[in-house]
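Quick notes on the structure that follows.
The values are calculated or read from the model by the stated rules, or taken from the named source; none is laboratory data. Just so it is clear, the structure is predicted and the values come from calculations on it, not from any experiment. Cβ atoms come from the backbone with ideal geometry, glycine included; neighbour counts cover every protein chain shown. Remember, those area values only see protein heavy atoms, side chains included, never the ligands or the DNA or RNA. Shrake-Rupley method; radii C 1.70, N 1.55, O 1.52, S 1.80 Å.
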Amino acid sequence: MDAYIKKIYDMLYSPIISPYNLLENAKLDNYSYVKYYTNKIGLIAEMQCEIPGEGERVFFYQFDKKDYLQIIYEGTIEKKNVIFSREEAAMSAKEEYYSSKSIIKDVC
């Protein structure tokens, strides 16, 4: 039960990863670049890397104004394939928690 609560807490209040953590990726051999720019939501970290067997891919990490990760997607700004969404992860964590509570309730 504590694991569910921690996951919910992390999705609501933890930065998960910071823009500064991503800068280290630029030093890796399979990364072509890591660049940062702003939009109305906050900061975007754009990275291009080589994935063995898949070729070059571009990933975008969207942070809010407090540098909290909100979404990760690949592709282009126009054509996004969402890999992670904080909002969806928080909803999923809450659903898991409530479903586990009903399972425990049924057992007791």
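Considering only residues in region 71-80 that are within 18 Å of V34 (Cβ to Cβ) and open to solvent by 40 Å² or more (accessible area, probe 1.4 Å), the one that is modelled with the highest pLDDT turns out to be I71. Among residues of region 85-108 being more than 14 Å from D10 (Cα to Cα) and surrounded by 13 or more Cβ atoms within 10 Å (Cβ to Cβ), the one that is modelled with the highest pLDDT is E96.
So in region 24-80, with the set limited to residues that are among the polar types (S, T, N, Q) and without any contact (Cβ under 8 Å) to a residue 24 or more places away in the chain, which one is farthest from Y13 (Cα to Cα)?
N30
Screening region 1-32 for residues that are at pLDDT below 80 and surrounded by 15 or more Cβ atoms within 10 Å (Cβ to Cβ) and picking the one that is nearest to S99 (Cα to Cα) gives Y4.
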